[in-house]
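Notes for the one structure printed next.
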Amino acid sequence: MSRPTIAGVARAAGVSVASVSRVLNGLPATEEMTERVRRAVAELGYVPDARARSLKVGRTFQLTLAVADVGNPVYVTMMRAVEEVVSAAGYRLVVTTTGPEVVDEVALVQGMARGYADGLLISPIRVDEDLVKAIRACEVPVVVAGSVPSRAGVDTVRANSPKGMLLAVDHLVSRGRTRIAFLNGPADTVPGAARAKGFAEALKAHDLEPAALAEASDFTFAASRIAAPELLKNSGFDAVVCANDLLAVGLMHQLAAAGLDVPDDVAVVGMDDSELAEQSFPPLTSVNLGSAERGRRAAELLLARIEDNERTPRRIVVQPSLSIRRSTP
């Protein structure tokens with residue numbers, strides 16, 4: 001049995017081949033035409049030839065999302081939002097992990113020259129001059145979900161971590177907690193530096209000093225379990241703000257092991273408001289940094305950049321909110 005063709009779809013739908021192509025490529029078409037084409041596609045079992053399509057239009061119709069850790073719930077949320085936007089535009093999404101080292105981020109950006117994707121959405125955890133240069137020289141459009149210097153000349157979508165920290169500290173102070181500690185991830189990373197700065201500014205706004213500070217080697221549950229004992233050497237705090245939800249949940253495990261109750265003895269606030277925040281025990285109060293919204297906006301910018309690479313780069317900031325749960329009184 002021969003494979004259904006686009007010409008066969010056109011005959012079955014009673015429209016031109018050009019009309020079928022418009023519908024299949026997601027271009028504007030009337031509702032009636034779209035319905036007729038989709039019905040014919042379903043009846044014939046037509047599957048577009050992706051290789052021929054790519055050769056004809058000079059595109060792979062594939063996009064790459066690169067994040068530091070695909071196991072981090074915040075990146076999972078971002079990935080889902082990106083996939084929803086790009087799939088509606090007819091693109092497949094390939095997700096890859098860069099790891100924590102900037103050299104691997106640079107290698108990935110440089111590797112885009114191999115032509116396996118039409119664009120790159122990257123969320124770099126560390127940024128240096130080599131990465132900026134690689135982004136500027138990249139042969140496909142790049143959008144950054146995060147912070148890079150403006151000289152990189154790319155569209156960016158980032159969270160407002162300092163405001164998020166202020167929301168967390170304001171909430172704790174309103175609950176009578178003034179001896180506030182901070183558990184950060186690596187301070188030499190983009191999120192680590194932003195959240196450390198935001199925490200210091202938030203305490204200063206209330207004329208407070210940090211009750212204790214600790215830095216985990218990574219933004220993971222395991223790294224939190226290792227770093228938490230150092231924090232617990234200081235018994236003078238009644239609340240802890242953590243740089244993400246994974247660190248917060250790891251800390252709550254260590255607090256329980258030390259015989260401390262959350263929130264009666266110690267209130268805990270995370271950041272990211274990932275699915276983990278609702279699943280933890282007790283459920284975790286967390287700052288929502290808009291990971292889904294950042295993913296959607298970044299995907300939209302990448303699609304627009306692919307269509308018009310001469311556009312003036314945009315720098316979008318997504319504002320945070322606070323989700324209050326039982327880990328704070």
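Among residues of region 79-115 being of a type in the set (Asp, Glu) and not in a loop (DSSP other than H, G, I, E, B), the one that is nearest to residue 154 (Cα to Cα) is 105.
Of all residue pairs spaced 6 or more apart or on separate chains, those with beta-carbon atoms under 8 Å, a first member in region 62-84 that is touching a residue at least 60 places away in the same chain (Cβ under 8 Å) and a second member that is basic (Lys, Arg) and assigned to a helix (DSSP H, G or I) are 78/294; 81/294; 81/296; 82/296; 84/296.
Out of everything in region 123-135 that is assigned to a helix (DSSP H, G or I) and in contact with a helix residue (DSSP H, G or I) (Cβ under 6 Å, 6 or more places away or on another chain), what residue ends up being surrounded by the most Cβ atoms within 10 Å (Cβ to Cβ)? Residue satisfying both the conditions and the ranking: 135. Looking only at region 285-329, residues that are under 20 Å from the mean Cα position of the chain (by Cα) and either of a type in the set (Gly, Ala, Ser) or assigned to a loop (DSSP other than H, G, I, E, B) (or both) come to 15 in all. Taken together, 311, 296, 326, 305 contain a single residue that is under 21 Å from residue 161 (Cβ atoms) and among the charged types (D, E, K, R), which is 296. Residue 59 meets the stated requirement of being at pLDDT below 90, of a type in the set (D, E, K, R), in a loop (DSSP other than H, G, I, E, B) and surrounded by fewer than 20 Cβ atoms within 10 Å (Cβ to Cβ). Per the conditions (1) surrounded by fewer than 19 Cβ atoms within 10 Å (Cβ to Cβ); (2) at pLDDT below 90, the sole criterion not satisfied by residue 112 is (1).
Among the residues of region 7-18, just one is open to solvent by less than 40 Å² (accessible area, probe 1.4 Å) and modelled with pLDDT under 80, namely 7. Go through (1) in contact with a helix residue (DSSP H, G or I) (Cβ under 7 Å, 6 or more places away or on another chain); (2) surrounded by fewer than 17 Cβ atoms within 10 Å (Cβ to Cβ) for residue 259 and report which single condition fails. Of the numbered conditions (1) in contact with a helix residue (DSSP H, G or I) (Cβ under 7 Å, 6 or more places away or on another chain); (2) surrounded by fewer than 17 Cβ atoms within 10 Å (Cβ to Cβ), the odd one out for residue 259 is (1).
The values are calculated or read from the model by the stated rules, or taken from the named source; none is laboratory data. Everything numeric here is computed off the predicted structure, so don't read it as measured data. Cβ: placed from backbone, ideal geometry, glycine included. Neighbour counts: every protein chain shown. Just so you know, the surface numbers come from the protein's heavy atoms only, side chains and all, with ligands and any DNA or RNA stripped out. Shrake-Rupley method; radii C 1.70, N 1.55, O 1.52, S 1.80 Å.
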